[in-house]
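Below is one structure; the comments refer to it alone.
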Amino acid sequence: MVKSFIPHLVFGVLAVLGVSLVNAEDPYLYFTWTVTYGTRSILGVPQQVILINGQFPGPKLDVVTNNNIILNLMNKLDQPFLMTWNGIKQRKNSWQDGVLGTNCPIPPNSNYTYKFQAKDQIGSYTYFPSTLMHRAAGGFGALNIIHRSVIPIPYANPDGDFTLLVGDWFKTNHKTLQQSLESGKSMPFPDGVLINGQTQATFTGDLGKTYMFRISNVGLSTSLNFRIQGHKMKLVEVEGSHVIQNLYDSLDVHVGQSITILVTLDQPPKDYYIVASTRFTKTVLTATAVLHYANSNAPVSGPVPAAPANGFDWSMEQARTYRWNLTSNAARPNPQGSFHYGTITPTKTIVLANSAPLINGKLRYAVNGVSYINPDTPLKLADYFNIPGVFSTNSLSELPSGRAATPATSVMATSLHDFIEVVFQNNENTMQAWHLDGYDFWVVGFGSGQWTPDKRKSYNLVDALTRHTTQVYPNSWTAILVSLDNQGMWNVRSTLWDRQYLGQQFYLRVWNPVRSLANEYDIPSNVLLCGQAVGRHP
């Protein structure tokens, strides 16, 4: 009896343990952030900036894939405020996206608790304010998602990890910039470039060791070129995708983009320039930091290394060298684990053309002739409560209209599990960059001039890079493929913040008429209500 009982007991215990392990929740991380104004002399002039817990830039969020983040944000500004998590997919959870189409802004002296998961993601990301022109005052920071220990990465663990938030900066107060834009003036040229909110910084390492540098362009309007004097940079990850590990002397990083590189300290021990400078601008602004070899007393010397002499063509060719690492076992883009995006027939093609029209005598920015305006009620709440008249799915066409530009609260309707081709057509002489919330997408093609269906012959349908932000060169096009498997209301926007603010954005409604928790989480119990949603009961 005893002998026969023991195996059954062991198997029973193992079965119970197996169930408990499968059902175990991923770890929860809790944060409390207080957003305030402060004064800093960043470019030698005292100016008002936005601080998070007294820090500029804000605190770095280091989390692990699938961690649950519970973040209580207290707004002590004199204006409503929201934070968005740039590149975080918010799986089935656009309620936490932190933009005006999905969330009511947090009133002054109030709080909101964000609850979201870093689901199936790895890599270097950022967060920043999405309301008004707050981004011009700071409030941004790094959000780094580390791989789980059970998932191997396609390189040896580095000996150190540095985060560099680089971007253009303006001395002008953010409220003054906002008033200038609303009066019909374009954004002025920036006053400088910062690295981690400073004009001077030092990063120290040991001879012979290899260090990770996470680089994000958190600026408002300007592409940057990044380089390290005397050192090669091995590109290993771009916005959550491990890439073929090519070596570069310098890398272009456009507004809203993030890259991760490995640098081996294999040069004579001394100090070397770390450089970020503006690209495609007549006046070149440069920020420098120092790569310091430990125990070295030799300061930086020689000229600051120059950016590539060639412009848009060089940059486009570099972008084409980015390739997805198909042998990596890290988190995959949607559809999960798919390597065969190039064999899927798109359900529709959308061509989006940006423009800078005058509407009522003032400068605005538009997509397919429609300049977006924010309603008083978030689109997500209007959708959930069936509030009519807040937005229209008929105002924005799927192809450039050629008509005179008009203002509207534009939403484009799509269906859950559509697989779409999107072409960003840039007929202006300025650099553009586009971001899609809730997703990453395959960047399959770049080209000059007008896109035509024949351009598909040039697409990379095998190992194109997936990312959440893509650049579009002047008088050129960029093509992407997107699998719409994340239900919700998702912001499609210019990452150039003046253009976003003045209308170069819209929302993508990814919808299934059957309400199901399998497709989308329910409305949060702590949801903020505003506009026509006030008084409604979730």
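The values are calculated or read from the model by the stated rules, or taken from the named source; none is laboratory data. Only a predicted model underlies this, so the values are computations on that prediction, with no experimental measurement involved. Using ideal geometry, Cβ is built from the backbone for each residue, glycine included, and neighbour counts are taken over all protein chains shown. Heavy atoms of the whole protein, side chains included, go into the accessibility calculation; ligands, DNA and RNA do not. Shrake-Rupley method; radii C 1.70, N 1.55, O 1.52, S 1.80 Å.
Assorted remarks:
- Tally, over region 85-126, of residues that are more than 19 Å from V527 (Cβ to Cβ), among the hydroxyl-bearing types (S, T, Y) and part of a loop (DSSP other than H, G, I, E, B): 0
- Those residues of region 265-292 which are of a type in the set (V, I, T) and part of a loop (DSSP other than H, G, I, E, B), in sequence order: T281, T283, V284
- Of all residues in region 313-366 being surrounded by fewer than 17 Cβ atoms within 10 Å (Cβ to Cβ) and among the aromatic types (F, W, Y), the one that is modelled with the highest pLDDT: W314
- Qualifying residue in region 144-153 (condition: in a loop (DSSP other than H, G, I, E, B), open to solvent by 10 Å² or more (accessible area, probe 1.4 Å), more than 22 Å from Q500 (Cβ to Cβ) and touching a His at 6+ places or on another chain (Cβ under 9 Å)): yes
- Within region 85-127, considering residues that are farther than 20 Å from T377 by Cα and charged (D, E, K, R), the one most open to solvent (accessible area, probe 1.4 Å): K115
- Test for L220: is it assigned to a loop (DSSP other than H, G, I, E, B), at pLDDT 95 or above, open to solvent by 60 Å² or more (accessible area, probe 1.4 Å) and not basic (K, R): no
- Any strands (runs of 3 or more DSSP E) falling wholly within region 12-65 and containing at least 2 residues that are in contact with a strand residue (DSSP E or B) (Cβ under 8 Å, 6 or more places away or on another chain), surrounded by fewer than 14 Cβ atoms within 10 Å (Cβ to Cβ) and at pLDDT 95 or above: 28-40
- Here L82 does not fit the description of being modelled with pLDDT of 95 or more, open to solvent by 40 Å² or more (accessible area, probe 1.4 Å), closer than 27 Å to D168 by Cα and not acidic (D, E).
Residues checked against (1) surrounded by 21 or more Cβ atoms within 10 Å (Cβ to Cβ); (2) assigned to a helix (DSSP H, G or I); (3) among the hydrophobic types (A, V, I, L, M, F, W, C); (4) touching a residue at least 60 places away in the same chain (Cβ under 8 Å):
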| site | (1), (2), (3), (4) |
| --- | --- |
| Q471 | yes, no, no, yes |
| W477 | yes, no, yes, no |
| Y507 | yes, no, no, yes |
| L528 | no, no, yes, yes |
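- Qualifying residue in region 487-505 (condition: in a loop (DSSP other than H, G, I, E, B), touching a Pro at 6+ places or on another chain (Cβ under 8 Å) and closer than 21 Å to L396 by Cα): yes
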